[in-house]
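Okay, so here's the structure we're looking at.
The values are calculated or read from the model by the stated rules, or taken from the named source; none is laboratory data. Keep in mind the model is a prediction, meaning the values are calculated, not measured. Please note: Cβ atoms are built from the backbone with ideal geometry, for glycine as well, and neighbour counts cover all protein chains shown.
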Amino acid sequence: MAGGRLGQTPWQTVGPFFHYALPAPGGADLVGQADIGARADLTPAGHFLLTPLSRETPVGDVIEVEGRIVDGAGAPLPDALVEIWQADGEGAFGDLFGRCATADDGGYAFRTVLPGRVAGPGNALQAAHIDVGVLGRGLLRRLVTRIYFEGEPGLDEDPVLALVPDERRDTLVARRTAPGRYRFDIVLQGAGETVFFDC
């Protein structure tokens, strides 16, 4: 362009393309074989052939964690991808990784084991927790948070949780809704915003 300058490149959003290639049948069930977390209506035929059809049952008490992802106005995020990684019930890391696409109501669910306590900063023992990543439309980078569990030992001494202001710590604690079942909603911004960590 003679004598002129090109204008600023417009922002482009990330996705929504997660449902097409990333979730897999059984991807959100870390303890067995189920379709939890898969969106069959958005999964290409034969996609499951790229996914291991078996995994070893991890050590630990089986739990289910469910929740919703909502924006600052409380509207659901229907095309997000939630990833989790964690230690097993004895605090050993292996291949406990799961991936779940959100439903139209922003809902997600994982079947896994209650993680054991692991060493953290300064070798201080951390409370049981699951690390969480969130990808979605309009998010230019992955959001990272943690799920701690109501009533589990070590919440008061956890070195990472201690970095979070007292009035915001409850955004990181999953509430027990029944034996072996927990609810953890993720709020992207505004009132009650979930604490996210820099990585």
Q: Spot the failing condition for I36; the list is (1) within 18 Å of the chain's Cα centre (by Cα); (2) surrounded by 15 or more Cβ atoms within 10 Å (Cβ to Cβ); (3) at pLDDT 80 or above, and only one is missed.
A: (3)
Q: Go through (1) within 16 Å of the chain's Cα centre (by Cα); (2) modelled with pLDDT of 95 or more one by one and return the number of the condition D198 breaks.
A: (2)
Q. In this structure, does E167 turn out to be in a helix (DSSP H, G or I) and loosely packed, with under 14 Cβ neighbours inside 10 Å?
A. yes
Q.
So, in the range 84-96, exactly how many residues are outside any loop (DSSP other than H, G, I, E, B) and farther than 22 Å from R137 by Cα?
A. 6
(Q) I'm trying to understand the selection: among the residues of the range 153-180, which are farther than 24 Å from L125 by Cα and either within 16 Å of the chain's Cα centre (by Cα) or not hydrophobic (A, V, I, L, M, F, W, C) (or both)? (A) T177, P179
Q | Residue that is surrounded by the most Cβ atoms within 10 Å (Cβ to Cβ) [pool: residues in the range 108-126 that are in contact with a strand residue (DSSP E or B) (Cβ under 9 Å, 6 or more places away or on another chain) and outside any strand (DSSP E or B)] | A | P115
Q.
So for the range 149-162 (the condition being assigned to a strand (DSSP E or B) and either closer than 18 Å to F196 by Cα or modelled with pLDDT of 95 or more (or both)), does at least one residue qualify?
A. yes
Q.
What's the total number of residues in the range 170-189 that are free of Cβ contacts under 8 Å to residues at least 12 places away in the same chain and not in a loop (DSSP other than H, G, I, E, B)?
A. 3
Q. Does any residue of the range 191-198 turn out to be part of a loop (DSSP other than H, G, I, E, B), in contact with a His (Cβ under 8 Å, 6 or more places away or on another chain) and closer than 23 Å to R117 by Cβ?
A. no
Q: Looking only at the range 62-102, count how many residues are over 16 Å from A28 (Cα atoms) and acidic (D, E).
A: 2
Q: State which residue pairs qualify: first residue crowded, with 16+ Cβ neighbours inside 10 Å and inside the range 138-149, second residue of a type in the set (D, E) in any location, beta carbons under 7 Å apart, and separation of 6 or more residues or different chains.
A: R146/D131
Q. Since A103 meets every condition but one in (1) in a loop (DSSP other than H, G, I, E, B); (2) of a type in the set (G, A, S); (3) modelled with pLDDT of 95 or more; (4) under 16 Å from V82 (Cβ atoms), which condition does it not meet?
A. (3)
**Q.** Test: G72 is modelled with pLDDT of 55 or more, in a loop (DSSP other than H, G, I, E, B) and touching a Lys or Arg at 6+ places or on another chain (Cβ under 9 Å)
**A.** no
Q | Subset of the range 94-107 [touching a residue at least 60 places away in the same chain (Cβ under 8 Å) and surrounded by 19 or more Cβ atoms within 10 Å (Cβ to Cβ)] | A | L96, G98, R99, C100, A101
Q) Considering the range 87-116 alone, what residues qualify as being in contact with a helix residue (DSSP H, G or I) (Cβ under 8 Å, 6 or more places away or on another chain) and more than 17 Å from L77 (Cβ to Cβ)? A) none
